[in-house]
1. For the cross-link pairs K211/K267; K99/K242; K133/K168, which exceed 29 Å when the distance is taken from alpha carbon to alpha carbon?
2. Please give, to one decimal in nm, the separation of the simple spin-label points placed at N59 and S123, each 7 Å out from Cα toward the Cβ.
3. Between beta-carbons, use under 14 Å as the cut-off and find the net charge around K313, counting Lys and Arg +1, Asp and Glu -1.
4. For segment 123-130, just list the computed ³J(HN,Hα) in residue order, Karplus coefficients 6.51, -1.76 and 1.60, θ = phi - 60°, integers in Hz, with x standing in for Gly and Pro.
5. Can you tell me the FRET efficiency between K313 and E259 if r is taken as the Cβ-Cβ distance and R0 is 35 Å, rounded to the nearest 0.05?
6. For every other residue with a beta carbon closer than 13 angstrom to the beta carbon of Q163, add +1 if it is Lys or Arg and -1 if Asp or Glu, then tell me the sum.
7. Ranked from highest to lowest mean number of other Cβ atoms within 10 Å per residue, what is the order of the peptides 101-111, 242-252, 161-171?
8. Which value, in Å², gives the accessible area per residue of segment 106-145 when a 1.4 Å probe is used on the protein heavy atoms?
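The values are calculated or read from the model by the stated rules, or taken from the named source; none is laboratory data. Keep in mind that what you see is a predicted model, and the values were worked out from it rather than measured. Every residue, glycine as well, gets a Cβ built from its backbone with ideal geometry; the counts of neighbours run over all protein chains shown. Areas reflect the complete protein model, heavy atoms only, side chains present, ligands, DNA and RNA absent. Shrake-Rupley method; radii C 1.70, N 1.55, O 1.52, S 1.80 Å.
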Amino acid sequence: MIKSCLLLWFLLKISIQCVVPSFKNNIIEVNFQNQTISGCISPDTIGFEGTISDIEVKNQDIQDLNYGAVQRISSKFRIDFVSTNIDIIRAGAFLDLPKVNVISFMSNELSWISENAFQDLPSLNLLYLNYNKIADVSPRAFNNLPNLQTVTFIGNNLENFDQSWFYKTPRLLSLRLEQNRLRNIPRSAFINLPSIGYLWINTNEIEFVDKEAFKGLRNLQLLDLSENKLRRFNFNFYTPSKLMDLSINNNNITYISDEMLDIIRTKLLVLEVTDNPLQCACLDKIIQWSDAFNISIPQRKLPESGVVCTVPKTKPSQCLERSDDDFHKGFWVSFPRERTR
């Protein structure tokens, strides 16, 4: 009996103190009240009476979130880490949290997301990883998150996307990858994530998107490819397309085929194409097409001298797929995208 009590006491002590401490005299806000903690964040260490609904860790020097860094909170809550210098989230850092629904890491030092960094969190709905330095994500970094709907990687250093990052995330709806360093989107890049309906991959360095890149995205309603370096817009979207909002502005696109317009028009409400060196004949065709099918094409206000389309050397009255040799040298430099980069 004594041995059992000692063992229970030892296990409780380990649980309270954490196996590998992540915090040392750090100030956190629990339901907007300051607390000082060491070890890990748990009901024992924060000593808060009542239901925990909001935890914020801000402007603290933490660096590593180790196994069990946040643990055993049974109530529905969100947790925010803001400017805390966190560099590593280890496997199992979030442990036994059945109702946590929002986790946010804003403006930290994260460079890598390890396998199982976010695992077995049945109520997690929103995960924000914006404005860090993330360059690499391990397979199954997001593992067994049955209600995860939104993940944002805005403003990081990602050069590649790999769907293996996600495992057992059947409800993933919104994925934001803008403001990274993505260079290409390969074939079937999202085929194992068929629930995605909203995809932002704008403001990257993308020059190539495979024609079958979006294969399997049967529920895609919004796609933002703006502010990249695309020369072609020719993809096999699922048909009938459910796209309602499509942005390809601020690229190097000169031509869009009739077939492509026909594929995307089914439910399309908005098409953004400004600041591309589109052939004037192609731009005229797109505007006529948008009028015929009641599709909005927002136009940016330009000075009177602003260039809105290009005139090829041959057959300028026809919208044709052309090589660069059929355009005047430096035809793209008059467009705002090129001036601001």
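1. Cα-Cα > 29 Å for K99/K242; rest within.
2. About 3.0 nm, to one decimal.
3. Around K313, the surrounding residues sum to 0.
4. 10, 4, 10, 10, 9, 10, 10, 7
5. 0.90
6. Local net charge: +3.
7. 242-252, 101-111, 161-171
8. Numbers: 1500 Å² over 40 residues.
Solvent-accessible surface per residue comes out at 37 Å².
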